[in-house]
Every structure is written in structure tokens, then in C-alpha cells.
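Down below is the structure, laid out as C-alpha cells.
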Amino acid sequence: MSREYARSSAATVETQASAAEIAAGIPESGASSLLSVAIASSDSIACSSLRHMLLQTGLVREIRDWASAKAVELRHSQDVPDVVFLDLNGTAQSDFAFAQQLAKLRPSVHIVACSAKKESNPDFLLQAMRSGVRDFLQKPYDRIEVSSMIVRVNAEHSSEMPRPAVTGKLFAVLGTKGGVGTSTVSVNLAVQLARIPGKSTVLLDFSRPLGDVSSLLDLKPDFQLRDAMENFQRLDPTLLSGLLTPHKSGLKVLAGAAQLEDWQHGSQPAIERLVEIAQQSFAFVVMDFGSFYSSQWQNVLQAAEVLLVSEADLPGLAKLQRHLRALGNLQVSSSQVRLIINRWHRHDEVALEKVEQGMKVPVFARLPNNFKQVSEANVRGDSLKQDGDPLSAEFGKMAARLAGLDLTKQAKTSRLGQFFAF
């Protein structure tokens with residue numbers, strides 16, 4: 001693997017930080033937690049300034065100068081340092097190709113793109129992220145910005161840092177068949193959960209073949225599910241946060257597949273890593289599955305409360321038993337399944353009573369049919385309005401129950417409507 005940085009014939013130089021320079025700021029964790037760094041640039045003045053700032057942090061054990069016209073030969077993961085500052089002084093294509101090769105050799109490498117101008121073009125940023133770039137620095141370098149970045153990266157690399165606990169509640173919304181309103185349920189449930197004070201919610205659009213959530217909420221995402229799955233080996237809460245699109249309700253959304261081939265990157269390790277990071281970062285994680293799932297999702301479904309969405313018609317109810325059996329084969333207990341009846345009418349109760357008795361699964365929520373309100377929300381590109389109608393109220397109650405809130409207490413204080421107000 002190679003990369004040329006300048007026309008000079010100087011050889012690649014490795015600069016060891018002197019004991020005196022490092023000792024002034026070494027943290028108590030000792031030298032084993034110090035970072036190895038490479039500066040890939042032909043700008044000698046900027047390199048010297050950056051090298052001095054890095055040494056002053058006391059968190060760097062070696063700095064490699066990759067300012068050579070000769071090829072930089074990197075064949076193994078150990079050839080790639082912890083952090084690479086990549087000066088964007090060539091063509092974007094060659095710079096990002098080099099970054100991609102670095103990340104391929106060592107997925108955990110923290111690549112920092114450096115440029116004299118502030119890059120804001122979404123296509124450029126997307127290309128940079130997909131190539132492995134995790135941070136940007138603008139030249140001339142700012143000492144405080146460089147120091148803060150190195151402190152953060154050192155903390156991420158430290159072996160003594162405990163792995164964040166997976167604490168977020170996980171909800172998988174599945175449809176018994178296409179067209180039962182799985183995405184509508186996912187969106188409105190997630191928005192309700194996001195309204196709970198002091199709690200955060202993310203909605204992951206896993207619907208196949210293409211995602212629906214962004215359209216339903218009128219969002220224009222810069223990044224999609226593919227970006228998270230392509231970069232799963234270096235995915236962390238910071239990177240995930242940058243891939244999410246905010247909604248005015250406070251909900252964060254990871255947009256679904258935009259092209260059919262996006263799912264080629266959907267490996268089991270990628271999916272599980274994404275869900276794990278989401279649970280570390282949010283109190284509630286809602287996954288819109290559409291009506292598709294397979295054994296690839298077994299570990300994810302086992303860790304979730306499964307909201308099985310159906311209509312009270314013959315095709316929907318006929319598939320309920322088959323879905324329960326399929327979930328059971330994936331080691332998903334019936335106690336994890338919450339049966340959601342969408343577009344409910346009162347005359348459906350006779351059929352639902354037979355279902356509850358025959359399948360031993362109670363109906364968790366009945367979402368009244370309100371075609372007009374749902375259609376208006378779809379046209380607006382938004383969630384349902386909270387105007388006291390039965391459908392909005394039922395979504396609020398369902399969210400409260402799933403969140404573990406005391407509905408009786410909320411009713412006594414007459415605050416449930418305010419709690420979930422839009």
C-alpha cells in the first residue's frame with residue numbers, strides 16, 4: 001500500500017517524544033496508555049506546529065512524519081498508528097483512498113482530516129466518513145482544539161476505560177404482513193417516547209427493501225443505515241450521533257436503506273454492533289422492521305420487546321400463529337411479545353377474544369382506526385397531532401406502559417396529556 005505526500009526526496013522520519021517533553025503531562029495510567037501518531041503532510045511548517053501541540057498534551061508516545069515522496073509501505077495493522085492526521089493537500093479521491101486503506105488495515109485507527117478551509121459540502125463529508133475519517137481539523141491548528149481531541153481519543157483507546165453498559169430499552173416493531181402500518185406505529189411510538197422528560201429516543205429504520213421513516217417525518221438525512229453498517233468496526237456513540245437526523249420532537253432517526261444494494265452491507269456483526277451502541281446512547285431504541293426478519297436477527301430480537309403489529313382481519317390474524325412460532329424458533333419468548341392491533345374497530349372484539357384464548361397472547365394495545373388523521377399526518381410529513389382523539393391517546397398510553405410509567409399515578413395528577421403533548 002502506498003501514498004505520496006510531496007515531491008521532495010526526504011525519507012520517512014519517525015520522531016520519538018523525549019522523556020522530558022512527555023513527563024510534564026503523563027496521566028497516572030502510565031506510558032502504556034499513550035498514543036502513537038502519524039502526521040501525513042508535506043506542509044513542514046504546519047507539521048512542526050502540530051507536532052509541538054501533540055507533545056505538549058503528554059498523551060503521545062511517538063510521532064511519525066509521513067512527508068515523503070517515496071512510498072509509505074504499510075502491510076500490517078501494527079504499521080498503522082492509533083491516530084493519523086491526514087492533510088488534504090492532494091485530490092480528494094487519492095486522500096480518501098489512502099484513508100480507506102488505513103482503515104482497512106486497522107479498523108480502530110482514528111483518522112483526522114486536516115484542511116485550510118472548513119469543509120461543509122454534504123457529499124464531501126459523506127465521502128470522508130465512508131473512507132474512514134472520524135474528525136476534521138482546520139488549519140492553522142488551534143492548540144485547545146488539538147488538545148481536546150487527543151484527550152478524547154486517548155480515553156477511547158485506553159484499555160482501562162470500562163465498556164459502557166447497555167441500558168436502553170429495545171423495542172422491535174414487526175408487522176404480520178406488509179401494509180399493516182408497522183412504520184406508522186414505529187414513528188408515532190418513537191415520537192411519544194421522545195417526549196418523555198429526561199429520556200432520549202432513537203428510531204432505527206430497518207424496514208426492507210427501502211426505508212419509510214424519513215418520508216413519514218419529512219426528514220432529509222445526510223446519512224443512512226448503510227453508513228453505520230459499512231463502518232460498524234469503528235462505530236461508537238460519537239460516530240453514531242453524527243449519522244442521526246434530528247426531528248423537532250426530540251427524536252433522533254437513523255434513516256433506512258435508500259437503495260436496494262444498501263442491504264449488502266447488513267452483516268450480523270454490523271447489525272448487532274449498531275443496536276448495542278444505540279442502547280448505550282439512548283434510553284429507548286425503537287426498530288422499525290417492517291414485516292421482514294430472519295435468523296440473522298436472532299440475538300437482537302432476543303434482547304428486545306417485540307411489538308407484533310396486526311390488523312383484526314383474516315389474513316393478519318391467520319399469520320399471527322405462524323409469527324409466534326417463528327419467533328419461538330429464534331428463542332424469543334412469548335412473554336416478550338406485545339400484540340398490537342392496528343386500525344381497530346369495536347366489532348373486532350369477538351375475533352380478538354378468540355385469538356387471546358387460542359394463542360394465549362393478550363392484546364397489548366388497540367389502536368383505533370382513524371384513516372383521515374393518519375393520512376393528514378402522512379401528507380404533512382409528521383407524526384399524529386395530539387388533539388385528544390382516541391388514536392393519539394392510545395399511542396400515548398402504549399408509550400407510557402412500554403416506558404414503565406405508572407398510568408394510574410399519571411391519571412390522578414391529570415398530567416398524562418401534558419406529558420405527551422406535541
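The values are calculated or read from the model by the stated rules, or taken from the named source; none is laboratory data. Worth saying up front: this structure is predicted, and the values here are computed from it rather than measured. FYI the Cβ positions are ideal-geometry reconstructions off the backbone, even for glycines, and counts take in every protein chain you see. These accessible areas exclude ligands, DNA and RNA; they are computed on the full protein's heavy atoms, side chains included. Shrake-Rupley method; radii C 1.70, N 1.55, O 1.52, S 1.80 Å.
Odds and ends about this structure:
- Condition check for residue 195: touching an Asp or Glu at 6+ places or on another chain (Cβ under 6 Å) and open to solvent by 50 Å² or more (accessible area, probe 1.4 Å): no
- Tabulated pairs, the stretch 206-228, first assigned to a helix (DSSP H, G or I), second among the aromatic types (Phe, Trp, Tyr), C-beta under 8 angstrom, 6+ apart or interchain: 225/206
- Some residue of the stretch 12-31 being assigned to a loop (DSSP other than H, G, I, E, B), modelled with pLDDT of 75 or more and either over 23 Å from residue 156 (Cβ atoms) or of a type in the set (Asp, Glu) (or both): no
- Hits in the stretch 313-331 (condition: touching a helix residue (DSSP H, G or I) at 6+ places or on another chain (Cβ under 8 Å) and surrounded by fewer than 21 Cβ atoms within 10 Å (Cβ to Cβ)): 317, 320, 321, 324, 328, 330, 331
- Consider the stretch 332-354 and keep the residues that are farther than 24 Å from residue 404 by Cα, among the charged types (D, E, K, R) and open to solvent by 40 Å² or more (accessible area, probe 1.4 Å). The one that is modelled with the highest pLDDT is 343.
- Output for the stretch 106-133, where each listed residue is open to solvent by 50 Å² or more (accessible area, probe 1.4 Å), in contact (Cβ under 8 Å) with a residue 40 or more places away in the chain and either under 22 Å from residue 36 (Cβ atoms) or in a loop (DSSP other than H, G, I, E, B) (or both): 108
- Residue list for the stretch 248-266, restricted to those being assigned to a loop (DSSP other than H, G, I, E, B), within 15 Å of the chain's Cα centre (by Cα) and not hydrophobic (A, V, I, L, M, F, W, C): 256, 266
- A single member of 102, 137 is part of a helix (DSSP H, G or I) and surrounded by 15 or more Cβ atoms within 10 Å (Cβ to Cβ), and it is 102.
- Residue match in the stretch 383-391 (condition: under 16 Å from residue 186 (Cβ atoms), at pLDDT below 85 and hydrophobic (A, V, I, L, M, F, W, C)): yes
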